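S.K.: Encoded as structure tokens, here's the structure I'll be asking about.
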Amino acid sequence: MGDELPYRSIHGTPSFLEWLRLRLESDERSTIGADLTPSEQLHSLLETFIVGRELAFNRQFHFVRPGERAVWELKTADLRVFGWFAQKDCFVAVFGDFKDRIVDYSGLIGGYRDEVVRIRRELGGEAFCVWETGVDDVLSVRYRRS
Amino acid sequence: MSFLFDIGGRKRKAASFITKVRNELLQALVEEKAARPFSQQQLAQKLGVNRSVINRQLNGEANLTLRTVADLAWALDREISFELKKRPDQSVGNYCVYHENDMLRIGSGQAPLVGSSGSPAYATVSDAKHVRSPTASTYEQVM
């Protein structure tokens, strides 16, 4: 991250870390022809998130999206990461998957959300959850141009 | 337990640079929209492409060539500044793990969360491992 210090944090369940490891090991190409590979997209996403840069530019271009029951998605061109915000600027990642797979299997997104809710409950995370659904409720931005 | 998300220096450089360029373009688009009546459709028309092309370029779904960047900068009425600089020494005190390995270090430990009283508390997310934590104890553990 060069000379930038961390501003936000991401936590991961063991299954999410395993998924990250698989992305590193497989080093696959983008399924949609993006210029960054999935692992490069993940690096960019994690770096952007942790150093506090903008993730929601406007209604159209946003790389963080609220879902039902305070389950959020972090997005790259190829990938989706599902989890919740334990507090502002603190994300707990539970699942990751390819966008194409989620689109192809229409029940997956609901399944992922249900599982995030279940795991959050099991980990005692219901007491540590940002329930508001605005991007400003879950993310502050370190660098914002006027 | 720590997890090291290391894609290697070469990929890291590419990912950071391409993302930075894309984010600059997005920021410029947001600024133009805020400053005057300006839509993505107008941007696309100015460049003689379909709006979906602009979408894909700015969403990271399509390649950003140098020509594309120049075209978008022109359409957004922006100057481009580009410079290759020698890499400085990256010692950063408590975060010297970056100097040593220049990686996105993923540490372990507990996240300090603020309880309802406002005083620091710890989450009982005992199975969750930090992907990244800014706490000093995590860095000590990693180091």
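S.K.: So which residues in segment A:120-146 are among the aliphatic types (A, V, I, L, M), in a helix (DSSP H, G or I) and within 15 Å of A:Gly67 (Cβ to Cβ)? Spell out how you get there, then give the answer.
M.R.: Restricting attention to segment A:120-146, the residues satisfying the condition of being among the aliphatic types (A, V, I, L, M) are A:123, A:127, A:130, A:135, A:138-139, A:141.
After this cut, where a residue has to be in a helix (DSSP H, G or I) as well, the list is A:127, A:135, A:138.
Within segment A:120-146, A:Val135, A:Val138 meet the criteria.
S.K.: Limited to segment A:46-72, what total is found for residues that are more than 8 Å from chain B (Cβ to nearest Cβ) and open to solvent by 10 Å² or more (accessible area, probe 1.4 Å)? Give the derivation first.
M.R.: In the first step, residues of segment A:46-72 are kept if they are more than 8 Å from chain B (Cβ to nearest Cβ); the result is A:49, A:51-52, A:55-56, A:59, A:62-72.
Next cut, open to solvent by 10 Å² or more (accessible area, probe 1.4 Å) only: A:56, A:59, A:62-63, A:65-69.
Final tally of qualifying residues: 9.
S.K.: Okay, next question. Has segment B:8-20 got any residue that is touching a Phe, Trp or Tyr at 6+ places or on another chain (Cβ under 7 Å) and over 19 Å from A:Leu55 (Cβ atoms)? First the steps, then the outcome.
M.R.: Our first condition is that a residue be touching a Phe, Trp or Tyr at 6+ places or on another chain (Cβ under 7 Å); within segment B:8-20, this holds for none.
Taking every residue of segment B:8-20 in turn, none turns out to be touching a Phe, Trp or Tyr at 6+ places or on another chain (Cβ under 7 Å) and over 19 Å from A:Leu55 (Cβ atoms).
S.K.: Then there is this: Got a sec? Which of A:Asp97, A:Asp89 is at pLDDT 95 or above and open to solvent by 20 Å² or more (accessible area, probe 1.4 Å)?
M.R.: On the way: A:Asp97 fails: open to solvent by 20 Å² or more (accessible area, probe 1.4 Å).
Result of the check over A:Asp97, A:Asp89: A:Asp89.
S.K.: Starting from residues that are aromatic (Phe, Trp, Tyr) and outside any helix (DSSP H, G or I), keep the ones in segment B:1-50 and report whichever is surrounded by the fewest Cβ atoms within 10 Å (Cβ to Cβ). Lay out the reasoning, then the answer.
M.R.: The first filter runs over segment B:1-50 and keeps only residues aromatic (Phe, Trp, Tyr), leaving B:3, B:5, B:17, B:38.
If we keep only those that are outside any helix (DSSP H, G or I) as well, we get B:3, B:5, B:38.
Values: B:Phe3: 22, B:Phe5: 21, B:Phe38: 17.
Step by step, filter segment B:1-50, then rank; the result is B:Phe38.
The values are calculated or read from the model by the stated rules, or taken from the named source; none is laboratory data. Keep in mind that what you see is a predicted model, and the values were worked out from it rather than measured. Reconstructed Cβ throughout: ideal geometry from the backbone, glycine too, with neighbour counts over all protein chains shown. With ligands, DNA and RNA removed, areas are computed over all heavy atoms of the protein, side chains included. Shrake-Rupley method; radii C 1.70, N 1.55, O 1.52, S 1.80 Å.
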